[in-house]
1. Suppose we keep only residues that are among the small types (Gly, Ala, Ser), touching a residue at least 40 places away in the same chain (Cβ under 8 Å) and surrounded by 13 or more Cβ atoms within 10 Å (Cβ to Cβ) within the range 429-449. Which one would you say is nearest to Asp58 (Cα to Cα)?
2. Which residue pairs have Cβ atoms under 7 Å apart, sit 6 or more places apart or on different chains, and have a first residue in the range 189-212 that is of a type in the set (Phe, Trp, Tyr) and a second that is in a helix (DSSP H, G or I)?
3. Look through Leu248, Leu186 and report the one residue that is assigned to a strand (DSSP E or B), assigned by TED's automatic domain parsing to the domain that holds Met20 and surrounded by fewer than 24 Cβ atoms within 10 Å (Cβ to Cβ).
4. Residues to consider are Gly396, Gly403; find the one that is small (Gly, Ala, Ser) and out of contact with any Pro (no Cβ under 8 Å at 6 or more places or on another chain).
5. Suppose we keep only residues that are in contact with an Asp or Glu (Cβ under 8 Å, 6 or more places away or on another chain) and of a type in the set (Asp, Glu) within the range 433-482. Which one would you say is farthest from Pro80 (Cα to Cα)?
6. Does at least one position in the range 315-330 carry a residue that is more than 26 Å from Arg246 (Cβ to Cβ), touching a residue at least 24 places away in the same chain (Cβ under 8 Å) and not assigned by TED's automatic domain parsing to the domain that holds Thr148?
7. If the requirement is being assigned to a loop (DSSP other than H, G, I, E, B) and of a type in the set (A, V, I, L, M), which of these qualifies: Ala241, Ala216, Ala195?
8. Among the residues of the range 152-170, is any free of Cβ contacts under 8 Å to residues at least 40 places away in the same chain, crowded, with 21+ Cβ neighbours inside 10 Å and within 28 Å of the chain's Cα centre (by Cα)?
Amino acid sequence: MSEKLRIVPLGGLGEVGKNMTVFEYGDEILIIDAGIMFPENDMLGIDYIIPDYRYIMDKREKIKAVLITHGHEDHVGALPHLMADIDAPIYATPLTAGLIELKLREAGLRDTVIKTIQPGFNFRIGQFNIEPFHVTHSIPDCVGFGITTPVGLVVHTGDYKFDHTPVDGRPSDFAKLAEFSQRGVLALLADSTNAERPGWTPSEMVVTEVFERVFAEAKGRIIVATFASLISRIQQTVNAARQYERKLAITGYSMRKNAKMAQELGYLEIPDDMLIDISEVDNYPDHKIVIMATGSQGEPSAVLGRLAIGRHRHLSVKERDTVILSAHPIPGNEEMIHRIINRLYQRGADVLYDQLVQVHVSGHAAREEMKLMINLVRPRFFVPVHGELRHLIQHGKLAVELGVPEQNVAVVENGYILELDQHSMHIGERVPGGYIYVDGSSVGDIGPSVIRDRERLSDSGVVLVVARCNGNGDLLGKPRFVTRGFADFRDAQALLEGANEAISRTVRRYRDNPDLIEEKVADTVSQYLYRETGRRPLVEAVVN
């Protein structure tokens with residue numbers, strides 16, 4: 001067979017987030033997931049990051065479908081951008097489809113076709129036979145995909161863990177995974193997020209037990225902060241509130257709309273007499289109130305961030321309030337979260353978070369579960385996905401320990417093309433698979449050089465030099481200096497006076513080259529300031 005299956009990861013390999021994988025055979029392409037990644041601390045001003053999917057832009061007519069594993073932002077957040085550029089249906093389970101529909105509607109994409117699928121119901125897209133199978137994660141309605149291609153069966157786990165007591169009562173489909181193995185699996189693409197974590201990931205039942213204990217002991221209001229899409233955590237909060245006869249208020253736009261949609265689809269059960277508006281919480285005794293809020297990652301504009309600084313329209317933190325942060329910090333968010341926790345303590349709240357008590361458990365498999373997945377599926381080839389390079393490497397080593405030949409394990413990062421036939425797997429050339437920054441309404445206009453400039457601005461400030469000269473290259477008067485974030489005005493002016501002579505020499509030297517003169521003056525001042533202060537502010541020059 002001359003034609004080969006090409007698997008191209010465009011996101012999620014070598015990083016946590018913006019998961020996106022392309023399956024390509026002949027003239028047909030499937031895409032699995034299209035998520036975002038949250039910015040790191042040094043990505044100043046960036047809202048979020050989406051995959052670089054230039055690889056598929058000149059093949060748009062070949063794209064037959066977008067398959068979605070579940071509704072978390074790192075798997076669906078980039079869909080408004082992707083679906084504005086391509087014309088293909090989206091396939092997702094009911095809850096995931098509901099979350100996607102809300103997201104696309106807000107983006108003005110009302111014509112995108114969303115087809116609802118169910119685990120166990122197979123369907124065909126061109127030469128690909130798709131078999132969704134249920135997996136347990138931290139949100140209901142998650143699936144992985146068995147994809148039968150002309151060269152063999154490929155299994156993509158999506159995000160998963162083996163939880164025997166999940167909130168929705170539906171454990172992962174062990175039987176389907178074993179049945180795949182009986183047929184023979186060409187390749188397994190498996191979640192690597194917790195590849196460094198030994199043992200088993202605790203069950204969601206652990207969180208239920210902790211919530212019940214906290215609700216029994218809390219004397220005042222309870223505020224639970226978590227991800228807006230974490231429907232299972234909302235249900236656990238509802239169950240505890242029902243047990244201890246508390247009213248529930250949900251605040252945060254995204255969490256309210258997600259909860260409403262999940263109720264309509266039957267994935268969230270809230271008694272009619274329990275749910276109240278956030279403006280009504282003061283009408284009830286504090287010990288009868290629980291509030292669900294966004295902001296578990298320390299986002300300043302989310303509900304918890306505004307509560308921490310006293311700027312929420314309807315709420316303020318009271319003494320004896322119990323605040324539960326029910327989420328693991330996304331890498332890079334730790335500093336913001338710690339700042340929020342400290343401010344909540346300052347306002348008199350009792351704050352519970354993961355390092356103190358198990359108010360959150362991971363939705364990803366630990367090493368023993370990864371072993372079980374590999375042994376259930378028994379693939380010929382193994383590709384660790386969804387994780388930083390260190391996670392991928394450890395997952396790959398685990399597969400080798402379990403008997404997968406080392407040459408059959410492909411640890412690759414975004415952009416590397418994997419070519420498979422019935423007997424071999426080859427790592428091919430690398431295509432673009434980096435970062436596309438989203439900053440407000442700007443998508444892809446900001447590159448690494450802008451990020452570096454922002455770093456310099458935040459670190460050492462900016463110095464603007466304005467000079468005038470005549471045709472002979474002589475300065476007319478002294479240069480004017482404008483600084484921000486560099487030094488106090490008087491200190492900066494005194495320091496910069498020493499650069500006048502160096503600026504004068506530079507202007508005379510480049511008087512016949514007006515295209516270079518401003519750049520050279522900026523370089524001269526930058527070198528002078530570094531010699532004098534050891535700092536490198538961003539320097540710009542205007543020479544008239």
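1. Top of the filtered list is Gly433.
2. What qualifies is Trp200/Glu368; Trp200/Glu369; Phe211/Gln236; Phe211/Thr237; Phe211/Ala240.
3. After ruling out the rest, the residue left standing is Leu186.
4. Checking each option against the conditions leaves just Gly403.
5. My answer is Glu455.
6. yes
7. Ala195
8. Within the range 152-170, not a single residue is free of Cβ contacts under 8 Å to residues at least 40 places away in the same chain, crowded, with 21+ Cβ neighbours inside 10 Å and within 28 Å of the chain's Cα centre (by Cα).
The values are calculated or read from the model by the stated rules, or taken from the named source; none is laboratory data. Quick caveat, the model's predicted, so the values are computed rather than measured. As a convention, Cβ positions derive from the backbone with ideal geometry for all residues, glycine included, and neighbour counts pool all protein chains shown.
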